[in-house]
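Please treat every number below as a calculation from the coordinates, not as lab data. Note that the structure is a prediction, hence the values are computed from the model and not measured. As a convention, Cβ positions derive from the backbone with ideal geometry for all residues, glycine included, and neighbour counts pool all protein chains shown.
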Amino acid sequence: MSRIEDKLAELGETLPDAPAPAANYAPYVVTGQTVYVSGQISQGPQGNLLGKLGETATIEDGAAAARACALSILAQVKAAAGGDLDRLARVVKLTGFVNSTSGFTDQPKVINGASDFLVEVLGDKGRHARSAVSAASLPLGVMVEIEAIVELS
Amino acid sequence: MSRIEDKLAELGETLPDAPAPAANYAPYVVTGQTVYVSGQISQGPQGNLLGKLGETATIEDGAAAARACALSILAQVKAAAGGDLDRLARVVKLTGFVNSTSGFTDQPKVINGASDFLVEVLGDKGRHARSAVSAASLPLGVMVEIEAIVELS
Amino acid sequence: MSRIEDKLAELGETLPDAPAPAANYAPYVVTGQTVYVSGQISQGPQGNLLGKLGETATIEDGAAAARACALSILAQVKAAAGGDLDRLARVVKLTGFVNSTSGFTDQPKVINGASDFLVEVLGDKGRHARSAVSAASLPLGVMVEIEAIVELS
């Protein structure tokens, strides 16, 4: 098991299987050292994490959903790295989409669920550029979708 | 005519002229082998493909609009490649924005209109990473806007 | 002072301090010659530029907010370039998110506030690929958020 997976275990997390894409596209594309990870929708062991911020989901719900997206991103990066997650050199960029009402203004607190988790697991390698915005809606009604650009060593 | 354009012809499609940007920006920027294609709004020979998913447009309408965006992306890539579309080496990433109501949850089925078309035309070179989300609204009221990252050989 | 900052001064603008990120992420990440600038929310000397297009903000308000985002992007690029803004070689890509109602269709005119400004300040180096879409809402209720990919020399 990799050092990064050891750290995940310490935090009580195990990597899920890399989620299959919902359609005719790839879960990630590697070009040079760069991995483009497809948008990961919020899902946990019990299924999709559904809800709309500002209506049916709290900021805490949303942050937990964002953390779940980050875990799926790590699972995709492990697959992209041929099974060795320790080849992850840097999380370059996250774009986080929050399923919310038109009056919701705490997108950063929601996406922090992913950002804090990545820094906790990866240290400085996990510190990334980021955008956090609301989407009018998201696939299947999930709370959060996050895509990533990651560098491998 | 390039092999990719032959394949388009087989499918009954011809590349449109690369749409001009709506304002003071470039339709694409090439850096190294990478082409960043500006967001292409859904438009066809008869004009803009307007509508809102979940309200005035069906999933089939939306998928056709997404396919039209993909055709515009290929037209931009041809221009970026100095007129030789066969220099397209790989579609790396699409980000698809769907103009929808807040309750719409079939973004993936809409953006499949673009993804399926690119794989049909390009084979494995067309298989990309992707995000599909809803926008509260889109320029001019179009159904779909898709941006792309593409690699040239 | 750099030539780019001279040009800003001519236009009556001075670079703000590079805004600190709102949470556990980086304001930018540099990889090779490429800078990924985190989404910059619209803010001016008097604070955040709040409002929703199609409801409480005009296109002119929105364009001014987009211009403010572009100024923050330049401030981040200066920091990323070790203080020398003249190392900016090319603005590659902007993604502009407009806080709007579901019926608003002038996203391009809003984001032009940033695009026109960058071309005015930087000339051809400021001409970029771009997407402009509506977000259901944005952090703190700001009018505009823009992220950027920029190349350094």
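Of note:
- Spatial extent of the protein assembly as shown: Rg and Dmax, with the Cα atoms as the point set, Å: 20.4, 59
- Within 10 Å of each Cβ in B:31-38, the average number of Cβ atoms from other chains: 5
- When the P(r) is computed for segment B:3-152, the part past 28 Å accounts for 13% of the Cα-Cα pairs.
- Mean separation of Cα contacts under 8 Å (6+ apart) over length of segment A:1-129, as relative contact order %: 29
- Positive-end residue of C:63, C:8, C:98, charge dipole of chain C with Cβ unit charges: C:98
- The mean count of C-beta atoms from other chains within 10 Å of the C-beta of residues in A:138-144, rounded to a whole number, is 4.
- Peptide B:14-21, shielding by other chains (average Cβ, 10 Å cutoff): 1
- Residue-count net charge about residue B:133 - beta-carbon cut-off 10 Å; Lys, Arg +1, Asp, Glu -1: -2
- Set C:7/C:78; B:52/C:109; A:7/A:78; B:93/B:125 screened for pairs whose C-alpha atoms are more than 18 Å apart: B:52/C:109
- Of all DSSP beta bridges confined to chain A, the antiparallel ones make up roughly 70%.
- Summarising the amide proton neighbourhood of residue B:28: residues at separation of 5 or more, or on other chains, whose placed amide H is nearer than 5 Å comprise B:38.
- Burial ranking of peptide ranges B:85-92, A:36-43, A:70-77 (average Cβ count within 10 Å, highest at the top): A:36-43, A:70-77, B:85-92
- Segment A:9-26 and segment B:1-66: distance between their alpha carbon centers, rounded to Å: 31
- The amide H of residue B:44, built 1.01 Å from its N in the peptide plane, has B:49 as neighbours under 5 Å, considering only residues 5 or more places off or on other chains.
- Under 5 Å, built H, 5+ apart or other chain: amide partners of residue C:96: C:131, C:132, C:133
- Folded to 0 to 90 degrees: helix C:59-80 orientation relative to chain C principal axis, Cα: 30
- Local net charge near residue B:116, Cβ-Cβ under 12 Å (Lys/Arg +1, Asp/Glu -1): +3
- Net charge of neighbours whose Cβ lies under 14 Å from the Cβ of residue A:95, counting Lys and Arg as +1 and Asp and Glu as -1: 0
- The phi-based Karplus calculation (6.51 cos²θ - 1.76 cosθ + 1.60; θ = phi - 60°) puts the 3J(HN,Hα) values of segment A:30-35 at 9, 9, x, 8, 9, 10 Hz, whole numbers, x for Gly and Pro.
- Per-residue ³J(HN,Hα) for segment C:21-27, Karplus 6.51 cos²θ - 1.76 cosθ + 1.60, θ = phi - 60°, Hz, x for Gly and Pro: x, 6, 6, 7, 8, 9, x
- For segment B:103-118, Karplus couplings with θ = phi - 60° (6.51, -1.76, 1.60), whole Hz, Gly/Pro x: x, 6, 10, 10, 3, x, 5, 5, 5, 3, x, 7, 5, 4, 5, 5
- When the protein assembly as shown is described by a simple charge dipole with +1 on each Lys and Arg Cβ and -1 on each Asp and Glu Cβ, the residue from A:54, B:88, C:134 located farthest towards its positive end is B:88.
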